[in-house]
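K.L.:
Following this message is one structure expressed as structure tokens.
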Amino acid sequence: MSLLSRRVFLLIFLIFLLLLGVGGCTWRRSKSTLTLPTSAPTPVILPRFTPHVTSTMPTATPIISSPTPGAPAPPPPPPQVLPPTPTPRMHLVQPRETLYDIAVQYQVSLKDLARVNRITDPTRIKPGDALIIP
């Protein structure tokens with residue numbers, strides 16, 4: 001077989017495959033049929049939009065009230081009186097006393113007592129230490 005006849009044979013074979021593929025697509029028909037409703041659709045009535053324009057009319061002249069020149073200025077507000085800060089209570093640690101005992105005695109939490117006095121280990125207090133009671 002010559003080169004030209006091979007090309008012609010290949011071209012005819014490709015055209016045949018193409019036609020077979022396209023033809024195969026049309027052989028299959030869908031068995032489902034589309035049925036259209038026999039009654040006419042009922043018309044839907046939409047509400048009409050009526051624009052309403054509202055505007056506010058400006059007053060003739062804005063009224064600006066200014067204090068009269070002879071009127072006294074309002075008195076300044078009285079200074080705020082702050083309650084006095086309570087004097088911190090102090091406690092002197094006695095022998096065999098624990099931080100927990102002191103917290104119970106003054107009805108404060110152990111955490112607050114340790115935090116105010118910057119105590120990281122509650123077992124490290126000793127007699128003679130001065131503690132601030134929150």
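K.L.:
Would you calculate the convex hull of the Cα atoms in the range 89-133 and tell me its volume per residue in Å³?
P.N.:
So the per-residue Cα hull volume is 60 Å³.
K.L.:
Hey, rough spin-label estimate for Leu3 and Thr120, points 7 angstrom out along Cα→Cβ, what's it come to in nanometres?
P.N.:
Once both label points are built, they end up 9.2 nm from each other.
K.L.:
Given R₀ = 25 Å, what would the calculated FRET efficiency be for Val108 paired with Asp129, taking r from the Cβ atoms and rounding to 0.05?
P.N.:
Result of the calculation: an efficiency of 0.95.
Read-outs: derived from the displayed coordinates by stated rules, not from any lab. Predicted, not measured: the structure shown is a model, and the values here were computed from it. Neighbour counts run over all protein chains shown; Cβ positions are idealised from the backbone, glycine included.
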